[in-house]
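J.: Take this structure first; my questions come after.
Only the coordinates and a few stated rules stand behind these numbers; no lab work does. This is a predicted model, so every value here is computed, not measured. Cβ: placed from backbone, ideal geometry, glycine included. Neighbour counts: every protein chain shown.
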Amino acid sequence: MNLDTSGPTSRIYFSQRLRLHYVDWGNPAKPPLLLVHGGRDHCRNWDWVAGALHQDWHVLAPDLRGHGDSQWSPDGNYSIAGYIYDLAQLIHQQELAPVNIIAHSLGGMIALRYAGIYPDHVRRLISIEGLGASPRRREERARRPMAERMDYWITEQRALSGRLPRRYASIEDAFKRMQEANRHLSPEQARHLTQHGVNQNEDGTYSWKFDNYVRADRPYEMTAAETEGLWQRIDCPTLLVYGKESWASNPAEDGRARHFRNARIVSFENAGHWVHHDRLDAFLDLVRGFL
């Protein structure tokens, strides 16, 4: 499928004093559709999806705080609550509710919880591998005492404070790293994602745009019961999408699907974590039928 080269318009909004970026694909008379990316990613990873849908939808795609062209958090903290607030601010400021949302990974975690907090603000929701850690991993984490989790977090923060952004001599080198990270990507996809995912440093090298602090594991957040309680409050039709070659745990098999009142699980063959890249045409067919 060819990429629509007309491209979106960059816009800015503010949330908790942070200058945050999003792209607007125009067509404001159409129903709003938000595309929310995952961790260490950026809003232009949705370009193929947005290019296919923006004739029928008013498509907006934000850069999460600390990602893409959005401002980094001054204190290096990236809580789920902060991300949810940013999403709530964009929807509130642009008067998008009730909005349709497609979200991936970390973006799915944010969107699902937002939809549980404000069930009447979301019309339809597609989450691509966005339920977070598997039940087994959450149980293992919960068994660790808070003192141990906090000590791990502090140690990790200190390590990140001294970690310099990786520098690549050329975009070609960064492109090769992108291909290594996801073998399903076509060369065209990998190059596009790389070009929009790096900044050029003063010495001419290139570094990824995201803040290294977004790598840190959060020492505390909502409990599993609290998160499941929000999922149970989601009122809109919901799709939980998974790639059968992904590392992520499938909610149809691990029991998490039972916490949703109106959700359907769809798994894709020959797809990993980035289903919307790995099986673009099939994913678009699913999206069009669902929306």
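J.: Roughly what % antiparallel, to the nearest 5, for the DSSP beta bridges in the chain?
T.: Restricted to the chain, the bridges split so that about 40 percent are antiparallel.
J.: Take the Cα of ARG17, step 7 Å along the line toward its Cβ, and report every residue of the stretch 61-95 whose backbone nitrogen sits under 15 Å from that point.
T.: 71-77
J.: So what is the relative contact order of the chain, in percent, for Cα pairs below 8 Å that sit 6 or more residues apart?
T.: Working: 518 pairs, mean separation 51.6, N = 291.
Over the chain, the number comes to 18 percent.
J.: When the Cα centres of the stretch 1-71 and the stretch 215-250 are compared, how far apart do they sit, in Å?
T.: Cα centres, the stretch 1-71 to the stretch 215-250: 22 Å.
J.: For LYS244, go through the aspartates and glutamates and keep the ones whose alpha-carbon is under 17 Å away, minus same-chain ones fewer than eight residues off.
T.: Filter leaves GLU129, GLU253, ASP254, GLU269, ASP278, ASP281.
J.: Given R₀ = 22 Å, FRET efficiency for GLU188-ILE80 by Cβ-Cβ distance, to 0.05?
T.: Values: r = 33 Å, r/R0 = 1.51.
Calculated value: 0.10.
J.: Just to be sure I understand the model, the point goes 7 Å from the Cα along the line to the Cβ. What's the resulting GLN200 to ALA29 distance in nm?
T.: In this crude spin-label approximation the distance works out to 4.0 nm.
J.: Still on this structure: Given a Förster radius of 25 Å and the C-beta distance between ARG258 and ALA142 as r, what FRET efficiency does 1/(1 + (r/R0)^6) yield to the nearest 0.05?
T.: Numbers: r = 19 Å, r/R0 = 0.77.
For R0 = 25 Å, the calculated efficiency reads 0.80.
J.: LYS176: which lysines have alpha carbons under 19 Å from its alpha carbon, excluding same-chain residues fewer than 8 sequence positions away?
T.: Within the straight-line cut-off, LYS176 pairs with LYS209.
J.: At 7 Å along Cα-to-Cβ for each site, give me the label-to-label distance between GLN157 and GLU226 in nm.
T.: 1.8
J.: Taking H placed 1.01 Å from N in the peptide plane, check which residues at least 5 places from ILE265 or on another chain put their amide H under 5 Å from its amide H.
T.: Here LEU240 satisfy the definition.
J.: Tell me the net charge near SER70. Cut-off is 14 Å between Cβ atoms, SER70 excluded, with +1 for each Lys or Arg and -1 for each Asp or Glu. Provide the component values of the computation, followed by the final result.
T.: Working: positive: ARG11, ARG17, ARG19, ARG40, ARG44, ARG65, LYS209; negative: ASP41, ASP63, ASP69, ASP86, ASP211.
That sum, taken over residues with Cβ under 14 Å, equals +2.
J.: What does the charge count near VAL36 come to, summing +1 for each Lys or Arg and -1 for each Asp or Glu among other residues with Cβ under 11 Å from its Cβ?
T.: That works out to -3.
J.: Just add up the charged neighbours of GLY204: K/R +1, D/E -1, any other residue whose Cβ is under 14 Å from the Cβ of GLY204. The partial results should precede the final answer.
T.: On the way: positive: ARG167; negative: GLU172, ASP173, GLU202, ASP203.
Taking every Cβ under 14 Å from that of GLY204, the sum is -3.
J.: Show me the chymotrypsin sites (Phe, Trp or Tyr not before Pro) within the stretch 197-275 that DSSP assigns to loop and that have at most 15 other Cβ atoms within 10 Å of their Cβ.
T.: Numbers: sites: TYR206, TRP208, PHE210, TYR213, TYR220, TRP231, TYR242, TRP247, PHE260, PHE268, TRP274; in loops: PHE210, TYR220, TRP247, PHE260, TRP274.
The qualifying sites are TYR220, TRP247.
J.: Okay, next question. Tell me which residues come under 5 Å, amide H to amide H, from VAL99 once H is placed; ignore anything under 5 positions away on its chain.
T.: Amide H neighbours of VAL99, under 5 Å, 5+ apart: VAL122, ARG123.
J.: Related question: With springs only between Cα atoms under 10 Å apart, run a GNM on the chain and tell me which of GLY66, GLY197, GLY162 wobbles the most.
T.: It is GLY162.
J.: Convert each backbone phi in the stretch 245-261 into a coupling constant with the Karplus relation 6.51 cos²θ - 1.76 cosθ + 1.60 (shift: θ = phi - 60°), then list the ³J(HN,Hα) values in order as whole Hz, x for Gly and Pro.
T.: The phi angles translate into 9, 8, 7, 5, 7, 7, x, 5, 9, 9, x, 5, 4, 5, 8, 10, 8 Hz.
J.: Sticking with this structure for a sec: How many Å³ per residue does the convex hull of the Cα positions in the stretch 184-243 occupy? If you can, show how the numbers build up before the last one.
T.: Working: hull volume 10.6 nm³, N = 60.
So the per-residue hull volume is 177 Å³.
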